[in-house]
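**Student:** Dropping a structure here in structure tokens format, bear with me for questions.
Please treat every number below as a calculation from the coordinates, not as lab data. All values reported here derive from a predicted model rather than from experimental measurement. Positions of Cβ are backbone-derived with ideal geometry, glycine not excepted, and every protein chain shown enters the neighbour counts.
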Amino acid sequence: MTDTSHQPALDNLLSEDRRFPPTAEFGAQANAHAEMYSWASADRLSFWAEQARNLLTWDTPFTEVLDWSAAPVARWFADGRLNACENAVDRHVREGRGERVALLFEGEPGDTRTLTYADLQREVSRAANAMLALGVGTGDRVAIYLPMIPEAVVAMLACARIGAIHSVVFGGFSAEALRSRIDDAQASLVITADGGYRKGKASALKPAVDEALGGAADALGPLDHGAQSSVHHVLVVRRTGQEVEWTDGRDVWWHEALEAASDQHTPVPVEAEHPLFILYTSGTTGKPKGIFHTTGGYLTQTAFTHLTVFDLKPETDVYWCTADVGWITGHSYVTYGPLVNGATQVIYEGTPDTPHQGRWWEIVQKYRVSILYTAPTAIRTCMKWGEELPAQYDLSSLRVLGSVGEPINPEAWMWYRRVIGDDRTPVVDTWWQTETGAIMISPLPGVTATKPGSAQAPLPGISAEVVDEMAQPVPNGSGGYLVLTEPWPSMLRGIWGDQQRYVDTYWSRFDGMYFAGDGAKKDEDGDIWLLGRVDDVMNVSGHRLSTTEIESALVSHPMVAEAAVVGAQDATTGQAVVAFVILRAEYRDRVDEVGEGADVAAELRAHVTTQIGPIAKPRTILVVAELPKTRSGKIMRRLLRDVAEHRTVGDVTTLADSSVMDQIATGLSSST
Ligand code: PRX
């Protein structure tokens with residue numbers, strides 16, 4: 001928990017002295033203003049209440065702002081009632097914004113679709129009626145396993161419309177991962193597609209659903225609860241037209257169900273604390289956590305942050321967040337924040353380099369994108385491809401650039417601003433998590449003088465601190481642990497089905513404070529720099545992965561006796577998964593005594609892909625004879641990280657057998 005040895009050298013980061021104050025012109029038109037900080041610090045609750053009243057439409061206005069009596073489970077605006085889909089769609093139509101474009105969809109093969117808010121209202125109403133006809137009711141769970149196509153947004157909103165709770169599972173996750181998520185939430189409906197386009201090919205999705213829902217006889221073994229699947233129906237969107245297996249009575253085509261349904265439906269008002277969605281994320285154990293969010297507070301903070309951090313002008317901006325709806329960024333900054341604010345946004349199905357490496361910049365040019373929100377790993381990849389590529393496109397429409405998901409190194413930040421933003425656009429580095437629901441720490445464009453590489457300050461209404469082991473705030477110039485010291489509207493309300501785990505994971509390390517799991521430092525100005533995770537969570541290309549989950553996947557292979565996984569620094573993906581495995585005796589002759597057995601590595605990589613998904617596939621698998629362990633049997637990942645990052649191995653005095661690291665190092669050098 002307190003192993004910070006892998007964090008980047010702080011002193012390098014803190015010598016950063018470049019500053020980019022807002023221009024007078026930008027400041028004059030900005031949605032954010034400096035007084036928001038003083039207002040919120042003088043009266044945080046009235047600040048949030050005002051945002052909730054101004055930004056949302058309530059069926060029943062709330063009178064109570066925050067109830068913290070059952071801490072650490074907050075209740076925000078609890079006696080109010082509202083509907084998330086009404087806020088994201090219907091009210092725009094009712095208030096005369098129906099003809100405004102909501103979604104500009106660009107498929108990977110180049111097909112396009114434009115949906116106005118009025119189109120979205122009809123489509124979502126049909127989907128809601130279709131779901132009702134399939135027996136889905138308020139409070140039921142619906143798993144969504146779709147590519148980045150408009151139906152993903154429609155499906156989420158249709159759930160919200162009838163008070164059903166969606167659980168979006170990223171399309172890159174495997175059948176096994178999907179199955180455990182469906183099972184944990186006891187979902188009654190799955191919404192999927194035949195497939196989607198990725199890297200120039202139609203890539204199937206439906207077979208994974210069939211496999212996940214198969215009975216006890218299938219390859220995945222019996223369901224966790226030994227019972228029948230909770231799923232009654234599967235709604236299947238036709239995207240690629242590829243062949244699919246069909247289970248009569250269970251499977252229903254999306255287009256047929258929607259055609260048969262009315263396009264009239266009244267959103268169901270729910271209590272502000274009604275769960276809106278569950279989203280599974282990796283923790284420090286093998287079992288992903290079902291983070292759940294509720295309605296009123298979540299929508300308030302996503303709308304507020306989307307408006308101020310990106311300076312959104314809904315009438316004129318074209319906004320594009322490159323995240324998939326399978327992640328929290330896609331929930332808060334594709335589906336909910338932007339649509340609640342009445343934004344016009346691009347959604348793109350595919351990869352940045354299909355059919356060519358200029359695809360993103362071509363999209364920016366084509367749609368005149370003015371606000372772009374992406375991850376450092378994508379920026380670093382574009383840096384690698386060369387600045388001549390973006391230079392071929394007209395990017396002059398861009399006026400705000402955002403970054404999220406992992407620490408952005410100052411060089412990538414500068415490149416983003418200079419090459420993509422023409423040295424003119426503000427860059428906002430936004431820190432937050434699946435658990436926080438919305439942006440927490442970020443500069444405000446038009447207000448903050450930005451610093452390359454720093455997320456800088458908590459937003460108005462947010463209380464964050466960097467503390468030492470004893471929970472005391474560190475002085476400027478020092479590092480420690482990032483904590484949140486007051487409840488915030490979009491905070492998670494718990495872990496689905498396991499509230500004790502919620503308390504243990506986030507609230508037990510520091511009394512009365514939410515521990516984020518990140519290391520951070522305050523510079524001489526008191527600005528916050530995020531330094532990466534301090535627990536067994538890795539961050540690969542901005543995606544959160546658990547070392548334990550990958551280790552469990554590896555040891556579930558019959559060849560593997562033991563496995564240890566570490567996140568090694570990687571110039572493009574931030575971190576990369578490196579696995580050390582000990583083979584069972586009967587398989588040892590498949591590799592040299594110690595070394596990287598290519599076929600073993602390939603087989604294990606494929607196994608992790610099946611168990612979790614391609615994103616969790618180790619970059620490197622090293623077969624070793626021993627793992628470094630303390631006398632109490634704890635694997636010393638710090639030492640393995642040294643090996644993976646080609647550093648001199650650190651202090652080995654606490655190892656039970658101090659010669660183990662020599663064996664590993666010798667084995668590796670002789671095998672390469
Ligand atoms: O380590 C932090 C990192 O991503 C983690 C949260 O991951 P996830 O829940 O998947 O959400 C990602 C998108 C919000 C954090 O604990 N992280 C996120 N944003 C930043 C970041 N690290 C540094 N700088 C950021 N801006």
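**Student:** How would you classify region 537-670 from its alpha-carbon gyration tensor, with a ≥ b ≥ c the square roots of the eigenvalues: rounded for a/c under 1.5, else prolate if a/b is greater than b/c, otherwise oblate?
**Tutor:** Cα axes put region 537-670 in the oblate bin.
**Student:** Something else now. What's the FRET efficiency of ARG619 with GLU469 using the Cβ-Cβ distance as r and R₀ = 30 Å, to the nearest 0.05?
**Tutor:** 0.35
**Student:** Note the full-extension length gain between TRP385 and TRP253 as 0.36 nm times their separation in residues minus their Cα-Cα distance, in nm to one decimal.
**Tutor:** Residue separation times 0.36 nm, minus the Cα-Cα distance, leaves 43.4 nm.
**Student:** Between HIS646 and SER262, what is 0.36 nm times their sequence separation minus the Cα-Cα distance? Round to one decimal in nm.
**Tutor:** 132.0 nm
**Student:** Based on the Cβ-Cβ distance of GLU245 and ASP67, what FRET efficiency does E = 1/(1 + (r/R0)^6) give at R0 = 60 Å, to the nearest 0.05?
**Tutor:** 0.75
**Student:** On to the next question. What distance in nm lies between label points placed 7 Å from Cα along the C-beta direction at ARG584 and ALA602?
**Tutor:** 2.2
**Student:** What number, in nm² with one decimal, is the all-direction average of the projected area of the convex hull of the alpha-carbon atoms of region 24-519?
**Tutor:** In nm², the orientation-averaged hull projection of region 24-519 is 22.6.
**Student:** Let me ask something else. Which lysines, if any, have their Cα less than 27 Å from the Cα of LYS313, not counting same-chain residues under 8 positions apart?
**Tutor:** LYS366, LYS451
**Student:** Exposure proxy check: HIS265, HIS92 ranked by fewest other beta carbons within 10 Å?
**Tutor:** Sorted ascending by nearby Cβ count, the order is HIS265, HIS92.
**Student:** Lysines near LYS206 by alpha-carbon distance under 30 Å, same-chain residues fewer than 8 away left out - which ones?
**Tutor:** Filter leaves LYS287, LYS289, LYS617.
**Student:** Can you compute the modelled spin-label distance between ALA449 and TRP39, with each label point 7 Å from Cα toward Cβ, in nm?
**Tutor:** 2.5
**Student:** At a 10 Å Cβ-Cβ cut-off, how would you order GLU626, GLU603, GLU86, fewest neighbours first?
**Tutor:** In order of increasing Cβ crowding within 10 Å: GLU603, GLU626, GLU86.
**Student:** Then there is this: Residue separation times 0.36 nm, minus the C-alpha to C-alpha distance between ASP353 and ASP511: what's the value?
**Tutor:** Between ASP353 and ASP511, full extension yields an extra 52.2 nm.
**Student:** Net charge near GLU486, counting Lys/Arg +1 and Asp/Glu -1 over other residues with Cβ under 12 Å of its Cβ?
**Tutor:** 0
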